[in-house]
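The values are calculated or read from the model by the stated rules, or taken from the named source; none is laboratory data. Just so we're clear, the structure is a prediction, and the values are computed from it rather than from any experiment. Here the Cβ positions follow ideal geometry from the backbone for every residue, glycine too, while neighbour counts run over all protein chains shown.
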Amino acid sequence: MAEYDEEDRRLLKMKRAMDDFYGTPGWKVFAELVEAQIKEREKIVLQQDIEGGMEPIVMLLRLERVKGAIMGLKLALENPRLIIEQGQAILTAHRNARVEEED
């Protein structure tokens, strides 16, 4: 029978935790806060052209920093769903392996 390796066990443990958390009132509050932060940073990017008097390189570096923050925040929102999907894929693969071994 197929055994779970250490990495699979670690991912399955995280999946169980995310299953318990994802979609709860606490998760919804967290997601709202993160989405508000994303919108705030998107405003900064959109207003950048309006603000004058800034050296081009300084403006570029500021924009890159803000874009990086946006990407990180979006990743924070996506991670729980991705962890759940990865865990489910591991469970499905092991279930299929057991069926094949039984045949």
**Study point:** Cβ-Cβ under 6 Å pairs, at least 6 apart or on other chains, region 8-30 side over 14 Å from Pro80 (Cβ atoms) and hydroxyl-bearing (Ser, Thr, Tyr), far side surrounded by 14 or more Cβ atoms within 10 Å (Cβ to Cβ) and modelled with pLDDT under 95
**Key:** none
Practice item. Output the residue which, of all residues in region 64-78 that are loosely packed, with under 13 Cβ neighbours inside 10 Å and not small (Gly, Ala, Ser), is nearest to Met14 (Cα to Cα). Key: Glu78
Study note, to complete from the structure: Residue pairs within 6 Å by beta carbon, gap of at least six or interchain, first lying in region 83-101 and over 11 Å from Asp8 (Cα atoms), second of a type in the set (Gly, Ala, Ser) and surrounded by 12 or more Cβ atoms within 10 Å (Cβ to Cβ), listed first then second, are Ala97/Ala2
Practice item. Determine the pairs where a residue that is within 13 Å of Lys67 (Cβ to Cβ) and among the acidic types (Asp, Glu), located within region 37-56, has a partner that is part of a helix (DSSP H, G or I) and at pLDDT 70 or above with Cβ atoms under 7 Å apart, the partner being 6 or more residues away or on another chain. Key: Glu42/Ile70
